[in-house]
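Worksheet: one structure, shown below.
The values are calculated or read from the model by the stated rules, or taken from the named source; none is laboratory data. If you're wondering where the values come from, they're calculated on a predicted model, not measured in any experiment. Here the Cβ positions follow ideal geometry from the backbone for every residue, glycine too, while neighbour counts run over all protein chains shown.
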Amino acid sequence: MVMSKFEHDLQQQLDSLSQEKQPQRDLWKGIELSLEADRKEVTESGFHGKHVALAASVALVAMVSWFTLKPFSPDSQDTLNGQTLVQALSNQHEQQMDALLVKFEGQPAVTQNWKQQLQELDSAANAIKAALEEDPDNTALLKMLQNVYQQQMMLVERVHAPKWQQI
Amino acid sequence: MIDAQASVVDASETFSQAKEKALIQAAQKGDKHAYHTLYELHVKRVYALCYRLTGDRALAEDATQEVFIQLWRKLTNFDGQSRFTTWLHSVTANVTVSYMRKQRGWFQRMFNIEDSAAEYEQAESSSAEVDLESYIVQLPERARMVFVLHAIEGYRHEEIADMLNMAVGTSKAQFHRAKQLMKEWMGYGDE
């Protein structure tokens, strides 16, 4: 197909079109401010997230320690028994996980299979809880349950932290 | 002599690429100074594309800022498989199109306002003194975006249709329209 003069001239002008153009104002300051705001947001959310995990950890340790150290009084109706403690631990963990998942909702995860990993930890927690039904006052099992719950929270936090923050 | 010059050019190119790669890697790790240097290296290219797409200096400056803010967040996605400038142009085109949608009311601009006057307005001058750039920015919005993406950036009509949420036939028609308008403005008449 023969190119018309217009097509030919247009192509020549396109070929000589400059690839660069100077903006009239300094754009970096605005960009830098926005990046700084981003960084603060990430730091604060990381700080908040760490505090949620820390608070959960402190609460769990306090509950398990109290349970472990409390004087043995099997007949007292007021005494927290093993099953009640497991239930309390599980309820508290569920609330904290919900809060974390809501916080990270819509945020991209670093790994694709984190939900699968979470489910595997869930299965481990369920197995420990089943063992605790048989032996409700077993402190070693309680500590294992506490540990699994902490791992779940750490997993959710870790996979949602930006890559550069993990370096 | 020519071979020696070519070697110097090749070496310089290799050095620039290595420097750019180091800057990208540092910026990916959160080094803001490295990112600032990358910005300085590429801001004129990004702004040129933003200006041609938006047809407006102020909007292009805002869009350029948005590109570099988004780019900072997306930088970890760059895996080095393609040239950085190619990837940067793709990010710029997508972010600018999205920015224009948000800023000006996409539907209003695309379907109502743009056809009202632009087509009937004469460009600044029909002499050859007016460069191609000024004709481009005076094109109606859809025609301009399609023209810039196809003729300058080398996107296929299928890709443009996807990016601008229009039919492939519409993209081709808008490209034809852009050329017809420029042909008229440049004083070529019927050939």
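Of all residues in segment B:64-86, those that are within 12 Å of chain A (Cβ to nearest Cβ) have Cβ atoms under 7 Å from Cβ atoms of residues that are of a type in the set (Ser, Thr, Tyr), 6 or more apart or on another chain, in B:THR64/B:TYR47; B:GLU66/B:TYR99; B:VAL67/B:THR92; B:VAL67/B:THR96; B:PHE68/B:TYR39; B:ILE69/A:SER34; B:TRP72/B:TYR35.
Inside segment A:11-21, can you point out the residues that are of a type outside the set (S, T, N, Q) and more than 7 Å from every other protein chain (Cβ to nearest Cβ)? If you could, list the steps in order and put the result at the bottom.
The first filter runs over segment A:11-21 and keeps only residues of a type outside the set (S, T, N, Q), leaving A:14-15, A:17, A:20-21.
Answer for segment A:11-21, where residues must be of a type outside the set (S, T, N, Q) and more than 7 Å from every other protein chain (Cβ to nearest Cβ): just A:ASP15.
Every condition in (1) in a helix (DSSP H, G or I); (2) modelled with pLDDT under 80; (3) more than 28 Å from B:LEU75 (Cα to Cα) holds for A:PRO136 except the one numbered (1). A Cβ distance below 8 Å, combined with a sequence gap of six or more or placement on separate chains, defines the contacts here; from segment A:122-139, residues that are surrounded by 13 or more Cβ atoms within 10 Å (Cβ to Cβ) reach residues that are assigned to a loop (DSSP other than H, G, I, E, B) in the pairs A:ALA131/A:ASN138; A:LEU132/A:ASN138; A:PRO136/A:ASN81; A:ASP137/A:ASN81.
Among A:VAL64, A:VAL86, A:VAL58, which is the only one that is within 28 Å of the chain's Cα centre (by Cα), surrounded by 14 or more Cβ atoms within 10 Å (Cβ to Cβ) and at pLDDT below 80?
Working: A:VAL86 fails: at pLDDT below 80; A:VAL58 fails: surrounded by 14 or more Cβ atoms within 10 Å (Cβ to Cβ).
Step by step, each of A:VAL64, A:VAL86, A:VAL58 is checked, and only A:VAL64 is within 28 Å of the chain's Cα centre (by Cα), surrounded by 14 or more Cβ atoms within 10 Å (Cβ to Cβ) and at pLDDT below 80.
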